[in-house]
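Let me begin by presenting the structure, written as structure tokens, before commenting on it.
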Amino acid sequence: MLIRTDSLTKTYDLGAAQVHALRGVTLSVDEGEYVAIMGPSGSGKSTLMHILGCRDSPTSGTYALRDRNVGELRGKALATVRNREIGFVFQNFNLLPRIDLLSNVSLPLVYRGAITGAERKRKAGAVLEKLGLAHRLGHRPNELSGGERQRAAIARALVNDPSIVLADEPTGNLDSRTGREIMDVLDGLSREGRTVVIVTHDASVAEHARRVIHFEDGIVAREDRR
């Protein structure tokens with residue numbers, strides 16, 4: 001079992017009000033699975049994704065990655081898991097605007113440490129070439145199309161060879177044709193044997209996965225398998 005959550009809750013305090021984003025979510029993901037988490041806005045799916053990506057912590061319940069309780073990790077240990085085990089793809093790309101593509105994709109390797117600058121460039125260049133961006137290494141994000149920026153974001157997620165690729169609405173800011181191209185990339189990662197988890201509200205995106213977990217009001221409403 002690669003991922004296991006047990007009775008996860010997440011509550012946000014908004015002044016005098018409380019928002020219950022997750023209400024006791026229990027689920028698991030095996031290594032190599034291709035999973036879509038689908039639901040309307042506000043259903044809790046992105047909150048779950050950020051917990052799985054070690055970018056947020058639950059209010060209660062547990063999240064285990066490779067049978068290791070992530071909630072017990074702190075500081076450097078948590079940062080290491082986030083850096084080496086998880087590749088996160090954001091809807092808004094989250095590329096740094098003032099540096100070129102090669103430098104953007106190299107950043108996870110900088111945070112990893114113990115890798116020379118030449119090796120960082122080699123690794124980043126190789127993954128960018130794999131995603132069809134070898135001709136864009138010296139370009140800044142604002143010089144790229146939306147599809148190129150998302151492919152660059154995927155390259156950055158892959159550069160540390162993570163166990164899991166988490167993609168939060170990866171086609172949300174793209175036109176339909178470019179969105180299909182990005183899904184082709186994620187499909188290819190799944191065929192290579194990577195664990196891919198996508199959050200989406202779009203049924204046509206969810207159809208690419210072999211398992212769809214439907215969220216409603218912070219709970220798992222049902223699952224479909226293909």
### Query
Size of the dipole of the chain about the Cα centre, Lys and Arg at +1 and Asp and Glu at -1 on the beta carbon, nothing else charged, in debye to 20?
760
### Summary
Among 50, 134, 117, the residue whose Cα sits farthest towards the positive end of the charge dipole of region 3-149 (+1 at Cβ of Lys and Arg, -1 at Cβ of Asp and Glu, taken about the Cα centre) is 117
### Query
Roughly how many nanometres apart are two label points built 7 Å out from the Cα toward the Cβ at residue 23 and residue 176?
3.5
### R0 of 35 Å, Cβ-Cβ distance residue 1-residue 118: FRET efficiency to nearest 0.05
0.35
### Residues of region 15-41 with amide N under 15 Å of the 7 Å Cα→Cβ point at residue 219
20-27
### Query
Taking the convex hull of the alpha carbon atoms in the chain, what volume per residue do you get, in Å³?
131
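FYI, it's all coordinate maths here, none of it is from the lab. Keep in mind the model is a prediction, meaning the values are calculated, not measured. So basically every Cβ, Gly included, is an ideal-geometry build from the backbone, and we count neighbours across all protein chains shown.
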